[in-house]
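Structure record follows, encoded as structure tokens.
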Amino acid sequence: MELSVLNKEGKETGRKVTLNDEVFGIEPNTHCVYLAVKQYLAAQRQGTHKSKQRSEIAGSTRKLGRQKGGGGARRGDINSPVLVGGGRVFGPVPRDYNFKLNKKVKQLARKSALSMKAAEGQIVVVEDLKMETPSTKAVAAMVKNLDNAAKKFGIILSNGNKNVLLSAQNLKNVSVLDAESINTYAVMNSGKLVICESAVELVNNL
């Protein structure tokens, strides 16, 4: 796949780059994409939720009523789950939600996500962003020139340009991605992918 390199104004520079068909032109495996996104979101969960069970409630353990003849359930002490203020049955406890995915499954998921974006025409290549100072206005103007209708943008850089990061962090619809550590969720969560010219080689070798 061949794409023209655009400048910050969204106009062609006359240069072209080739995207690797083994990364951007495969038959997408949607189940792998689902698993990779699920794993990413699961890893974001803190898992610190906790509710007190019957044995953890601070209350008397005296039996409230006799075993038989009361006309109700044998509920025991005041910490019983059937009473207001009692413990909770099968309540949440701290846990780790993360789960393992094979390396090749995650690699296939990344390639599938990029291929889906390419098939939808949601990938553009721009010349390298060289910013001497942070400028949110400059990044906002660039993404508007590239596609005024897109709701979310993912800018893929070849190196961690601090000024670009600082410029984009105040824009809700723009996220900056590192070409060497790009993940499936970041690709799928971006409406349009903006790949910097120097990052094309790195993404081609994912």
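The values are calculated or read from the model by the stated rules, or taken from the named source; none is laboratory data. Note that the structure is a prediction, hence the values are computed from the model and not measured. Cβ sites come from the backbone with ideal geometry, for glycine too, and all protein chains shown count toward neighbours. Accessible surface is based on the protein model in full, side chains and every heavy atom, while ligands, DNA and RNA are left aside. Shrake-Rupley method; radii C 1.70, N 1.55, O 1.52, S 1.80 Å.
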Item checked: Residue list for the range 130-165, restricted to those being part of a helix (DSSP H, G or I), of a type in the set (D, E, K, R) and surrounded by 12 or more Cβ atoms within 10 Å (Cβ to Cβ) -> LYS144
Notebook entry, point to check: Which numbered condition trips up THR30, out of (1) under 30 Å from THR184 (Cβ atoms); (2) at pLDDT below 95; (3) of a type in the set (Val, Ile, Thr)?
Noted result: (2)
Notebook entry, point to check: In the range 36-56, which residues are of a type in the set (Lys, Arg) and without any contact (Cβ under 8 Å) to a residue 24 or more places away in the chain?
Noted result: LYS38
Check: Looking at the range 33-46, which of the residues that are farther than 15 Å from ASN189 by Cβ and of a type outside the set (A, V, I, L, M) is most open to solvent (accessible area, probe 1.4 Å)?
Finding: GLN46
Notebook entry, point to check: Somewhere in the range 63-81, is a residue within 40 Å of the chain's Cα centre (by Cα) and not hydroxyl-bearing (Ser, Thr, Tyr)?
Noted result: yes
Check: Only one of VAL89, VAL82 is touching a Lys or Arg at 6+ places or on another chain (Cβ under 7 Å), open to solvent by 80 Å² or more (accessible area, probe 1.4 Å) and modelled with pLDDT under 95; which?
Finding: VAL82
Next item on the list: State the number of residues belonging to the range 47-70 that are open to solvent by 90 Å² or more (accessible area, probe 1.4 Å) and of a type outside the set (Lys, Arg).
Entry: 5
